Every structure is written in C-alpha cells, then in structure tokens.
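Input: a single structure, listed below in structure tokens.
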Amino acid sequence: MKRIGEHTWIFPLESEKDRPNLGYIRGDRMAVAVDAGHSSSHVEDFYRALGAEMLPLPDLTVITHWHWDHTFGMHAVHGRTLARPETNAHLEEILYRMKNDPGFSKKFLNSDVCIRKEYAGGVPLAVVLSDEEIKKDTVLDIGGVHLHLCYAESPHTEDALMVYVPEDRVVFVGDAQLGEFPTWRMDYDKLHLLAGQIREMDVKTVIDGHWRPYTKEEYLDELY
C-alpha cells in the first residue's frame with residue numbers, strides 16, 4: 001500500500017496485467033475502496049496488502065467506470081458495491097453476451113495479452129452488477145472524512161465517476177482523461193470540461209487509473 005494522505009492510500013497499479021491503481025479511504029465509521037480491480041486474484045492481492053498494514057477490509061467499493069479492469073473483481077469484494085446506472089447497463093450487456101454467445105468469454109480472454117495474463121490457467125470470468133446505484137452527485141460521511149462522489153465529464157466513457165476526498169485534497173479519477181474505447185478517439189470538448197471540474201476542486205493529488213499520482217498542476221497540463 002502507498003499512503004497518499006492522512007486517510008488515503010492506493011494499492012499501486014501493475015502494468016504487466018493492466019491492473020489499475022485501487023484506492024482506499026479510511027474513516028472512523030467505515031472504509032471505502034475505489035474500484036474493484038481486474039479479477040478475484042487482484043482483489044485478493046489488494047486485501048493481503050491491507051492486512052499487512054493492519055487496515056480493515058472495505059465496507060463499500062465505489063466503481064469509477066465499467067471497464068473490466070475496474071469491475072471484474074466486484075464479485076469478490078468485501079462489503080457492498082456502488083456504481084452509476086450506466087455502469088450497470090454496460091455490465092448487463094456483458095452478462096447478456098456471456099449467456100447468449102458461447103464463444104464470448106474465449107474471445108474476450110484472447111483479445112488482449114494483459115487479460116490473458118490476468119486470467120491464465122483457465123480462471124473463469126465472473127461479472128456482477130453493483131449492489132447500489134448512484135444517480136446524482138453525492139457526499140458520503142464515513143466518519144471524519146467526506147467522500148464527494150461526482151459525475152465526471154469524460155472522453156473515455158459516459159459513466160465516469162470521480163471520488164474526491166477534501167480532507168486529504170485527493171481525487172480519484174479512474175481513466176477519465178483517456179480517449180474513447182476502443183478507438184481511443186479524443187473528444188476535446190469533454191476533456192476540457194473534465195479539466196474544468198478538476199480545476200474547481202481544492203486538490204493537491206490526482207489519482208489516475210494507470211499512472212503514478214499526479215499533482216493537480218501536472219494533471220491539468222496532461223489535459224491540455
């Protein structure tokens with residue numbers, strides 16, 4: 001675990017398997033994770049790292065967007081999960097394809113070398129919807145720490161959710177700044193809207209899904 005602030009940590013990314021940074025925020029009443037990771041193995045590694053730091057397992061896991069490396073560990077997390085309705089709609093589509101296309105799982109597993117490494121040895125795909133949905137910007141009081149769950153303007157996906165921790169001046173943005181998957185086409189209007197959202201926040205550190213922590217200034221420079 002890498003400590004970011006008084007209440008905030010990350011379980012750092014792993015490029016070989018395209019595992020993103022997983023966030024962790026501890027309040028007096030509950031602990032919250034940001035994203036569920038690539039697989040049950042990813043979750044197990046995360047929880048093992050928490051245990052090594054004597055940190056409790058999360059009571060809630062918040063999802064930043066629907067992509068598999070952020071959601072396919074949801075079935076294995078401790079506590080409840082929370083995502084936007086649009087995120088669940090994408091996951092429902094994947095579940096439908098898994099049920100109705102016998103070759104879907106194999107095609108998915110063969111689509112990317114990082115996915116093949118994550119699911120080596122015949123590990124099956126397991127996809128679930130979140131337990132709860134967030135339908136508007138919301139503030140969670142987890143005991144001395146407040147989590148601002150903010151709908152994000154993003155060129156990457158239409159279901160992007162940011163987790164802002166004002167007490168630590170940290171915001172988790174998932175993959176919000178990337179181009180649209182799978183073409184990676186960039187919508188610069190949405191990118192500038194995202195930059196405006198970040199600029200208005202009193203943040204010191206921006207946690208991106210697949211890179212080291214940025215300062216606010218570094219992140220905004222990346223967006224322009």
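Read-outs throughout are calculated quantities, based only on the coordinates presented, and are distinct from any laboratory measurement. All values derive from a computational prediction rather than experimental measurement. Heads up, the Cβs are rebuilt from the backbone with ideal geometry, glycines too, and the neighbour counts pull from every protein chain shown.
Summary of values
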read-out: Filter result (of a type in the set (A, V, I, L, M) and over 12 Å from the mean Cα position of the chain (by Cα)) within the stretch 33-64; value: Val43, Ala49, Leu50, Ala52, Met54, Leu55, Leu57, Leu60
read-out: Cβ pairs under 7 Å, 6+ apart, first in the stretch 26-55 and aromatic (Phe, Trp, Tyr), second crowded, with 17+ Cβ neighbours inside 10 Å; value: Phe46/Phe11; Phe46/Leu22; Phe46/Gly37
read-out: The stretch 112-126 residues that are basic (Lys, Arg), paired with ones that are surrounded by fewer than 11 Cβ atoms within 10 Å (Cβ to Cβ) and assigned to a helix (DSSP H, G or I) (beta carbon under 7 Å, 6 or more apart); value: Lys117/Glu16
read-out: Residue among Glu86, Glu93 that alone is in a helix (DSSP H, G or I), exposed (fewer than 13 other Cβ atoms within 10 Å of the Cβ) and within 20 Å of the chain's Cα centre (by Cα); value: Glu93
read-out: Output for the stretch 21-44, where each listed residue is among the charged types (D, E, K, R) and surrounded by 15 or more Cβ atoms within 10 Å (Cβ to Cβ); value: Arg26, Asp35
read-out: Scan of the stretch 152-179 for residues that are farther than 22 Å from Lys204 by Cβ and either in a strand (DSSP E or B) or within 15 Å of the chain's Cα centre (by Cα) (or both), ordered by number; value: His156, Thr157, Glu158, Asp159, Leu178
